[in-house]
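Q: Handing you a structure now.
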Amino acid sequence: MIYQGGKKTKKIIGAILVIAIIVLSSVLSVNGESYLDNSNNFQNPSEKIINSSRFDDNEPTPPYSSLNIEDIKGGISLSIKIKNNGNTNVSDIQVILSITGGFFIRPRTKYNTIPLLKAGKTTEIKTKVFGFGLGILAQLPEVKITISSPNTTVKEKRYAIKILGPFVKKEYELLNENESFKGYTLFAPDRGTSTYLINNSGDIIYKWDSTYTVARSVYLLENGHLLRCCSPGINPTFWGGGVTGRVEEFDLNGTVVWEFEYSTDIYCLHHDIEILPSGNILMSAWEYKNSEEAIAAGRDPKKLPMGQLWPDHIIEVEPTKPSGGNIVWEWHVWDHLIQDFDPTKDNYGVVEDHPELFDVNFGGQISGDWNHLNSIDYNKELNQILISLAGHSEIWIIDHSTTTEQAAGHTGGNSGKGGDILYRWGNPRTYRAGGNDDQKLFFQHDAQWIENGYPGEGNIIIFNNGLGRPDGKYSSIDVIVPPIDNNGSYNYTQGSSYEPEESVWTYTSENPIDFYASYTSGVQRLPNGNTLICNGPEGFFFEVTLDKKVVWQYTNPYPSPSLNRVFKIRRYSPEYPGIIMLIENI
């Protein structure tokens, strides 16, 4: 049935439309291109395969054509930017624009021809559109752009748009979600007290509320409970980035069933935790060392700007519900130091001869946050722990099969090396086995072994933030193959840096600087081989295939679009026991 209003009603509707058009026009003109383009990051990822080449270096690169839809922009028309990424000119390019959804859309389909597009050049087509579609009474209109030419592959992209009269606003790209790994993504915004579980459509499936502000990691247990790091309040001693101090567990009904605090003036939890098969929990923490203690360990007094150091340690906690826990194992960086500054100290030695130890005079921050351990992972088969020390741009592997006493020494455990470093990678300057050009990691986060059964199983995947990267400000996802033998030992040639020399798989944006997170952030290899990525500072999540194609993306709107930073995220399959428990409880 069509409603036919009177003249007064029509005048009111007309006035409303005019006001809306004026407002939308104002918004578009005030915010400009950056507002219209805010969903276009991370498109067209480049493939960077190390130690392989498509063509022989001595052979000239054969001619090839490669057309790409770079972007669309709104305004008082719809602009389509098309680029020839190949090394030869392309002629007779057909561009088809079609719009579905919305009301009174004109034109629905538009055909354009580009006679010639030279190699490496970009052109722009503008099409005037009129109609109405704001996603209020129906879904947002969708525009599909298809480009083709003789001897090139047909390319297609789809975008959700808003249309109000002659004004168009791009909302986001519609990705091929059939290639995305179906599951549920868990995350907790840094500046809020809530934790969210969403499906691939962005719908909230479950939400947990706490009285404490979140501080970094959250994980879903197999029983459907949530394990969450948070802060019990300001710690006057430890105020570095990533400070937590408290872990809490929520049941299926959102009730706190366990809480554990480890926050005083001499120690404090920070950043990450790792659940062990036994139910115990590994936790990263700082411990306080004053200037006298640091100097007694061989630290150069000039490298103590605030007269303190906060070396990292790991505790293994056996929960005792409803609160507290027993510390059943621990490991301290402070037990594995070497230095060549003060020959009167017991740990004086040749740094480059002992890569299993850490130079007490390498690195440091004004605050005392020295190592900045920001992630922990556990390998059940190896009974080893992988940690990321962003303060030194390194990852380390240590033995977990030791007793606490052995972990404080240099013998014992499956490795026979006690708590010494079994493997390290990312910055050989730390043990004097390389220079600036040999550094591979730059303030990295979220290092972890790829799970068994997943493509790349046993390799290590890392979010390489790129802070201080000499060739530019950009982030990458790097996968390396650790040089491990059948006995769980790591091959090493004395005097050299630990292998590998390069990553076996790397993701960057096609324009590298388009993907950059100088701090925080995370990554996860998924069962189907895709990689889930969290750009933490922007609260932006996206998923790429092994051939670097973006197939899913989401921008966190909580607690507000301007305060949406997220430390890292995890996706769980529909078959994960914790997901099954949650869904059954809804």
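Q: Please report the spacing between the Cα centers of segment 168-223 and segment 461-540 in Å, no decimals.
A: 23
Q: How high is the relative contact order of segment 441-586? Use alpha-carbon pairs under 8 Å, at least six apart in sequence, and give a whole percent. Can you show the working numbers first?
A: Details: 295 pairs, mean separation 26.0, N = 146.
Over segment 441-586, the number comes to 18 percent.
Q: Now for a different question. In nm, give the distance between the simple-model label positions of Asn223 and Asn253, each being 7 Å from the Cα along the Cα-to-Cβ direction.
A: Between Asn223 and Asn253, the label points sit 1.5 nm apart.
Q: What order, most packed first, do the peptides 91-98, 366-373 have when packing is the mean number of other Cβ atoms within 10 Å of each residue? Intermediate results must be reported in sequence, preceding the final value.
A: Details: 91-98: 16.6, 366-373: 22.0.
In decreasing order of mean packing, 91-98, 366-373 become 366-373, 91-98.
Q: Moving on to the next point. Using alpha carbons only, how many degrees (0 to 90, rounded to 10) separate the axis of helix 7-36 from the longest principal axis of the chain?
A: 40
Q: Among Met306, Met283, which comes first, then next, by fewest other beta-carbon atoms within 10 Å? Don't skip to the answer; put the middle values down first.
A: Values: Met306 11, Met283 26.
Least crowded to most crowded, the residues run Met306, Met283.
Q: Let's see if you can work this out: charge +1 on each Lys and Arg Cβ, -1 on each Asp and Glu Cβ, no other charges. What is the dipole magnitude of the chain about its Cα centre, in debye to the nearest 20? Before the final figure, lay out each step's value.
A: Numbers: 50 positive and 69 negative charges, 935 e Å.
Result for the chain is approximately 4500 debye, rounded to the nearest 20.
Q: Right, something else. If you take the charge dipole of the chain about its Cα centre, with +1 on Lys and Arg Cβ and -1 on Asp and Glu Cβ, which of Ala433, Trp396, Thr88 is farthest toward its positive end?
A: Going by the charge dipole, the pick is Thr88.
Q: Next question. Can you show me the helix-derived [θ] at 222 nm for the chain, built from DSSP H runs with n ≥ 4 at -39,500 (n - 2.57) apiece and divided by the number of residues, rounded to the nearest 500. Let's see the in-between values first.
A: Working: 4 runs with 49 residues, N = 586.
Rounded to the nearest 500, the figure is -2500 deg cm²/dmol.
Q: Which order do peptides 496-503, 203-210, 224-231 fall in by mean Cβ count within 10 Å, highest first?
A: Working: 496-503: 17.2, 203-210: 14.9, 224-231: 22.1.
Per-residue Cβ counts within 10 Å, averaged per peptide and sorted highest first, yield 224-231, 496-503, 203-210.
Q: How about Lys182: which lysines have a C-alpha closer than 20 Å to its C-alpha, ignoring those fewer than 8 places off in the same chain?
A: Lys207, Lys548, Lys549, Lys568
Q: Which of Thr493, Thr402 has the fewest other C-beta atoms within 10 Å, and how do the rest follow up to the most?
A: Thr493, Thr402
Q: Right, here's the next one. Would you compute, for the Cα atoms of segment 179-585, the largest minus smallest coordinate along each principal axis and list the three values in descending order, in whole Å?
A: The Cα atoms of segment 179-585 stretch 63, 47, 42 Å along their principal axes.
Q: Let me know the volume per residue of the alpha-carbon convex hull for segment 494-586, in Å³.
A: 171
Q: Continuing with this model, one more query. Set the Förster distance to 41 Å, then compute FRET efficiency between Leu137 and Thr264 from the Cβ-Cβ distance, nearest 0.05. Don't skip to the answer; put the middle values down first.
A: On the way: r = 57 Å, r/R0 = 1.40.
With R0 = 41 Å, the Cβ-Cβ based efficiency is 0.10.
Q: Compute the relative contact order of the chain as a whole-number percentage, counting only Cα pairs closer than 8 Å that sit 6 or more residues apart in sequence.
A: Relative contact order comes out at 11 percent.
Q: Something else now. What are the lysines whose alpha-carbon lies under 16 Å from the alpha-carbon of Lys303, with same-chain residues fewer than 8 places away excluded?
A: Lys289
Q: Return the aspartates and glutamates within reach of Lys83: Cα separation strictly under 20 angstrom, same-chain partners fewer than 8 residues apart disregarded; answer none if there are no such residues.
A: Partners found: Glu33, Asp37, Glu47, Glu70, Asp71, Asp92, Glu124, Glu156, Glu173, Glu510, Asp514.
None of the figures in this text is laboratory data; all of them are computed from the coordinates on show. A quick note: this is a predicted structure, and the numbers were derived from the prediction, not measured. Counting neighbours? That spans all protein chains shown, and the Cβs are built from the backbone with ideal geometry, glycine included.
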